Amino acid sequence: MGLIHTLAADVGGTNARLAWVEVDASGASAPMVLSAQAYRCADFSGLPAIIERFLVEHPGRPAALALACAGLRHGREVINRNLPWRLMLDPLEALAGDAPLHLSNDFEALARATRWVAADAGQSLFEGAGAATRAPVLVLGPGTGLGAALRVPVGQGEVVVPTEGGQAGFAPATDLESAVLDLLRDELGHVCTESVLSGPGLLRLYRALALLRDQPAALDTPEAVGSAALAGDEDLAVEAVRVFWGALASVCGNSVLGLGAYGGVLLAGGILPRLMPLFDAQAFARRFCDKGGLSPVLAQVPVRLIEHGQLGIVGAAMAASTRV
């Protein structure tokens, strides 16, 4: 059936990554990324302006336009509180012209692309005693927000189910997390999971801990908190990262049970690789499996950290094929 010359985009709250991608129309082989470039979302008035800039810098005529964007499609808009502008479908369709426009959630696209990731790729965070065969796999990751999607085997193939798991209410599992939740509820009202498990969430954890410990919060960006924690320069920063990892382990366990993702968990996103020096495998395993009578079930489920890289672009482009 040939190749489809596709302009693909992976749009997150901070950056938009665009690329020319050759897509196997039958979906039998992995898409091939030809050229890619990242742009800061805040530097542009909207996604159409970013696409227009890319086409100036990387000229070409797409046979399809495939976009993956964080957020939830609602009518003619993709709702995402982390973007610096509204994402409306009408101007994107006008820009696509005669080319079909394919729209995916960003973690839907990421999960779709993990079809091409080797089972032993990345780094094991929890080995598990053995993933269930032909069971759903959860793909989850903190970045500017918290994305989540599910790969579900169906017949000889699979379907990808996008979710808004990051918008579910945060469920504390320790007294300290409960105290943090109380503080954040005063600040935010509804405290969703991504309010804690994201880049901005790491900063919120740090500031909440400073209030609870009656200490000054000297750092003012997630990057500064992470850097100080890794350098061991500030105890509050170290504690914030450790609370972050613990909460993430609990959310992974909750999500496995809630979604039936007994095939394993794949963690992605830009934050986690930078925080790995403070990863505690025993503490993560304890929190992940701490589900009362269902703890033995969680003990079977592996958790791996994979490199995000160009997976979002690849997964967005895959929507242009006849098999997504």
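Enumerate the helices in the chain for which the Kyte-Doolittle hydropathy averages 0.5 or more and the C-alpha atoms extend at least 27 Å along the helix's axis, using complete DSSP H runs.
235-259
Given the rule -39500 (n - 2.57) for each run of at least 4 DSSP H residues, summed and divided by the residues of the chain, what is its mean residue ellipticity at 222 nm, to the nearest 500 deg cm²/dmol?
That calculation yields -10500 deg cm²/dmol at 222 nm.
Taking the structure as given and computing semi-axes √(5λ) of the Cα gyration tensor in Å, which label from [x] 34, 24, 16; [y] 37, 28, 19; [z] 27, 25, 21 fits?
From the options [x] 34, 24, 16; [y] 37, 28, 19; [z] 27, 25, 21, the structure gives [x].
If I take the Cα coordinates of the range 1-76 and project them onto the principal axes, what are the three extents in Å, biggest first?
If we take the Cα atoms of the range 1-76, the spans are 38, 31, 18 Å.
Could you pull out the GluC sites (Glu not before Pro) across the range 214-291 that fall in loop regions by DSSP (anything but H, G, I, E, B) with no more than 11 other Cβ atoms inside 10 Å?
Passing both the DSSP loop test and the Cβ count: no residue.
Quick one: among G292, G97, G312, which has the greatest mean-square fluctuation in a GNM of the chain with alpha-carbon springs under 10 angstrom?
Maximum among the listed residues: G292.
Once you sort the root eigenvalues of the Cα gyration tensor of the range 65-123 as a ≥ b ≥ c, which label holds: rounded (a/c under 1.5), prolate (a/b larger than b/c) or oblate (the other case)?
Numbers: a/c = 3.33, a/b = 1.71, b/c = 1.95.
Here the range 65-123 falls in the oblate category.
Distance from the Cα centre of the range 60-120 to that of the range 259-284, in angstrom?
Comparing the Cα centres of the range 60-120 and the range 259-284, I get a distance of 25 Å.
Rounded to the nearest 20 Debye, what is the dipole magnitude of the range 208-324 about its Cα centre when Lys and Arg each give +1 and Asp and Glu each give -1 at the C-beta? If you can, show how the numbers build up before the last one.
Numbers: 8 positive and 10 negative charges, 138 e Å.
Roughly 660 debye for the range 208-324.
Given contacts defined as C-alpha pairs under 8 Å and at least six residues apart, what's the relative contact order of the chain, whole-number percent?
24 percent
Output the peptides 160-167, 24-31, 184-191, 304-311 sorted from most to least packed, where packing is the average of other Cβ atoms within 10 Å over each peptide's residues.
Answer by packing, highest mean first, reads 160-167, 304-311, 24-31, 184-191.
Tell me, what is the per residue accessible area of the chain in Å², probe radius 1.4 Å? Provide the component values of the computation, followed by the final result.
Working: 14100 Å² over 324 residues.
For the chain, the solvent-accessible area averages 44 Å² per residue.
Roughly what % of DSSP beta bridges within the chain run antiparallel, to the nearest 5?
Percentage antiparallel, nearest 5: 70.
Counting only protein heavy atoms and a 1.4 Å probe, tell me what percentage of the range 89-214's accessible area is made up of carbon and sulfur.
In the range 89-214, the share of accessible area belonging to carbon and sulfur is 51 percent.
Considering the alpha-carbon set of the range 267-324 alone, what are its Rg and its Dmax in angstrom?
Both quantities, over Cα of the range 267-324: 16.1, 44 Å.
Taking only C-alpha pairs under 8 Å that are 6+ residues apart, what is the relative contact order of the range 99-236 in percent?
18 percent
Treating only the Cβ of Lys, Arg, Asp and Glu as charged (+1, +1, -1, -1), what charge dipole size does the range 84-197 show about its Cα centre? Round to the nearest 20 debye.
420 debye
Hey, what's the Cα Rg ratio for the range 203-324 versus the globular rule of thumb, 2.2 N^0.38 Å?
1.26
So if each residue of separation counts as 0.36 nm, and I subtract the Cα-Cα distance between Q300 and D182, what length gain in nm does that give?
Taking Q300 through D182 to full extension adds about 39.1 nm, to one decimal.
Counting pairs of alpha carbon atoms under 8 Å apart in space and at least six apart in sequence, what relative contact order in percent does the range 180-324 give?
Computed over the range 180-324, the figure is 19 percent.
Provide the descending list of Cα extents for the range 184-270 along its principal axes, expressed in whole angstroms.
Cα extents, longest axis first: 42, 31, 19 Å.
The values are calculated or read from the model by the stated rules, or taken from the named source; none is laboratory data. Remember, it's a predicted structure, so these values are computed and weren't measured experimentally. Every residue, glycine as well, gets a Cβ built from its backbone with ideal geometry; the counts of neighbours run over all protein chains shown. These accessible areas exclude ligands, DNA and RNA; they are computed on the full protein's heavy atoms, side chains included. Shrake-Rupley method; radii C 1.70, N 1.55, O 1.52, S 1.80 Å.
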